[in-house]
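Novice: Please see the structure below; I have some questions.
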């Protein structure tokens, strides 16, 4: 049995068994959805932008995927601390397979998180433009999850303690989320801020989801997919290199 499949299955089993993690990981996205979706809705509507709940839902789904996939790197630190990683690394298999298995497992878990948040969005009133676009939306969810799972694994490969990981994640994750356009339109931003947001890979994931689910896009859906694929491939290569340098 392939080590990629074994590690992918292990990540899924660990997620399913952790019911507390499932509930806790839904708390923040649902809070953003309810507090902002309904709290800022009247202001957004008065500004002529339409229904804010409709606008913010794809961003909240992307946030759930982002947080779940990036923080999968903490699982790597736990495995290193308790010895499971050492057992995996001494196995007679290429380390790229180990890295791929962990990344795919984390990405799958992140997509499941995104689907759970999507259900919550539908329950509070979010509606898609065309149901035929849902498979494309799932593709974008997978691209976001794979990209940031590779990033989380890369960071987890070079750190040795939880404190360092949490500091780096707070330094990276929150700015990426707030600059992605998940909570506000990217139109008519100051030039400097517009440049920064265009460098944020999550912005293309949010835009791709919004384009498929709502039919409105800031960039272009083809560009969104291309950027996610390219940056994901870069992060995967970097992660593979860093993972190969871990001492067993």
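Novice: At each listed q (0.17 Å⁻¹), what is the log10 of I(q)/I(0) that the Debye formula gives for segment 124-163 modelled as equal alpha-carbon point scatterers?
Specialist: Summing over Cα pairs of segment 124-163 leads to -0.62.
Novice: Once each part is reduced to its C-alpha centroid, what is the distance from segment 133-152 to segment 167-186 in angstrom?
Specialist: 17
Novice: Based on other C-beta atoms within 10 Å, arrange 129, 11 from fewest to most.
Specialist: Numbers: 129 13, 11 21.
Listing 129, 11 from fewest to most nearby Cβ atoms yields 129, 11.
Novice: In degrees between 0 and 90, to the nearest 10, how far off the longest principal axis of the chain does helix 52-70 point, with axes built from Cα atoms?
Specialist: 10
Novice: By count of other Cβ within 10 Å, fewest leading, how are 118, 198 ordered? Don't jump to the answer; show the numbers that get you there.
Specialist: Details: 118 24, 198 15.
In increasing order of surrounding Cβ atoms, one gets 198, 118.
Novice: Here's another thing I want to ask about it. Using the count of nearby Cβ atoms within 10 Å as a rough guide to exposure, how do 10, 102 rank from fewest to most? Could you put the intermediate results ahead of the total?
Specialist: Working: 10 17, 102 30.
The order, fewest Cβ neighbours first, is 10, 102.
Novice: Quick one: angle between helix 134-158 and the longest Cα principal axis of the chain, in degrees between 0 and 90, rounded to 10, please.
Specialist: Taking Cα atoms only, the helix is inclined about 50 degrees.
Novice: Continuing with the same structure: Which three numbers, in whole Å and largest first, are the semi-axes of the equivalent ellipsoid of segment 105-176 derived from its Cα gyration tensor as √(5λ)? Intermediate results must be reported in sequence, preceding the final value.
Specialist: Working: eigenvalues 175, 37, 19 Å².
Working through the eigenvalues yields semi-axes of 30, 14, 10 Å.
Novice: Using alpha carbon centroids, what distance separates segment 214-248 and segment 66-80, in Å?
Specialist: If we compute the Cα centre of each part, the gap is 17 Å.
Novice: Taking Cα atoms, how many degrees apart are the long axis of helix 19-39 and the longest axis of the chain, rounded to 10 and kept between 0 and 90?
Specialist: Once rounded, the angle reads 20 degrees.
We did not get these values from a lab; they are worked out from the coordinates using the rules stated. Values in this document were obtained by computation on a predicted structure and should not be read as measured data. FYI the Cβ positions are ideal-geometry reconstructions off the backbone, even for glycines, and counts take in every protein chain you see.
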